[in-house]
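Structure record follows, encoded as structure tokens.
Please treat every number below as a calculation from the coordinates, not as lab data. Fair warning: this is a prediction, and the values are worked out from it, not measured in the lab. Note that each Cβ is placed from the backbone with ideal geometry, even for glycine, and that neighbours are counted across all protein chains shown.
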Amino acid sequence: MKIDVKEFGRECSCGQKHTIFVKDIFIEKNAIEKLPALLESEGYSQYKNPLVICDENTFIAAGERVIAMLGCGCIKLTSENLHANEIAVGKVEKQLLQDIDLLIAVGSGTIHDITRYVANEMKIPFISIPTAASVDGFVSTVAAMTWHGFKKSFSSSSPICVVADSEIFSKAPYRLTASGISDLLGKYTALADWKISHIVTGEYLCQHIFDLTKDAVNMVANSLDNIHAGKAEACEKLMYGLLLSGLAMQMMGNSRPASGAEHHMSHLWEMEILNPIIEAYHGEKVSVGLRLAIYKYQQMKADIRAGKVHIIDKYNGLETEALQQSFGAKGMYETIVKENAPDPLARVDLKVLAEKLPEVLAVLDDLPSVKKIEGMLTSAKCVMTMKEIGLNEDLVERTLQLSPYIRNRLTFMRLIKLFV
């Protein structure tokens, strides 16, 4: 399967022409066998000194074969405690030779974030070879990094090409595949957050990008049993869905279509503000965040309709005391305040919110129920509970309170602060 990338860069019904940076995407059995011919073809033949970036596990999965086919060098990072942070970036940049003109990321999310960050900093293009269908960030233009303890998204480079070999990624440890499923199912709440913000504040929403992402989620949601069974065609659908989500982010120019309240919880836990370090995968944390968000959203929807809550008379700004107590203890208070300037809630007109509330509730009605989300996660053997990712249940309320501040982005979870 070759994705016709040009289709995504044409003038859109929203009136904008979305920019696509990736030139080619291949998803098929034995796709990496295309690499030698690809690098001799038009558009790639100028690259003479490629370099593979991988870790010890992905070296075995695919890196060794790529190196043998291309006769190129390799930076092999230690798998244990490997994170997308300034430490890993420093290790790569220290080993990077000056004559390298192409990077090849062989791995899953962490390797790709490290590579795209370095590629952007060093002005070197890169090719993506996913070894697991574990995240939606393979074609992202944003590197999700933990930088000096703070979870940040850096503008970075998209790969110029993706070579996704189903013989490789369909045989990845299933835990990685389940993480990819969870990352994609998290778009249910991310899309709801985007649409609600559009309704309440007029934030730009491209319906084509919205529908593209939703179609990717639904396609995978309908293939969960076959993905769990390891059927190659179903695993290719998962990879296709993850790459579609990434293309949606490219088209949008940011992560809005793919990241909402569920991701903000994941990022909060990754920053270790409330908790010690946890070794759960990104998608696993998103999975738990999705379940918590769905539960909270459905509960809030019922309370609004029952008249148990109402819109406040006046917004009083950030919860500075709570932010000082939590982020201040980690030396991040000034950073989190800066992240939240200007305050997304300050631009919400309370009268408009009251007028638009029926539309907001309609969006919440379109979300799957808690029971349905739990059924999907169970069917796909994804994690669901705080305990499964090494967190205590007593952190739920503080997670719901603080996670909306992780990004300067309006979500329904943040909008809840305007209700009492």
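Note on Phe154 and Asn30: the model spin-label points, each 7 Å out from Cα along the C-beta direction, lie 3.9 nm apart. Note on segment 65-128: the C-alpha convex hull projects to 4.3 nm² when averaged across all orientations. Each part gets one Cα centre, and for segment 34-51 versus segment 68-90 those centres are 21 Å apart. Which GluC sites (Glu not before Pro) in segment 229-308 sit in a loop by DSSP (not H, G, I, E or B) and have at most 11 other Cβ atoms within 10 Å of their own Cβ? Qualifying residues, ordered by number: Glu279.
Which pairs in the list Lys151/Lys417; Lys330/Lys381; Lys29/Lys195; Lys237/Lys338 are over 28 Å apart, alpha-carbon to alpha-carbon? Where the Cα-Cα span goes over 28 Å, the pairs concerned are Lys330/Lys381; Lys29/Lys195; Lys237/Lys338. Inter-part distance, segment 155-181 to segment 250-274, computed on C-alpha centroids, equals 19 Å. Can you tell me how segment 1-74 classifies by the Cα gyration tensor, rounded, prolate or oblate, using a/c under 1.5 as the rounded cut? The shape class here is prolate. Gyration tensor analysis over the Cα atoms of segment 291-420 returns equivalent ellipsoid semi-axes of 25, 23, 12 Å (largest first, whole Å). The C-alpha atoms of the chain define a longest principal axis, and helix 350-366 lies at about 60 degrees to it. Axis of helix 261-270 versus longest Cα principal axis of the chain: the two differ by about 70°, to the nearest ten degrees. As I understand it, the value is the acute angle between the Cα axis of helix 282-305 and the longest principal axis of the Cα atoms of the chain; what does it come to in degrees, rounded to 10? In the chain, helix 282-305 runs at an angle near 20 degrees to the longest axis. Computed over the chain, the P(r) curve from all C-alpha pair distances, binned at 20 Å from the origin, holds 27, 58, 15, 0 percent per bin.
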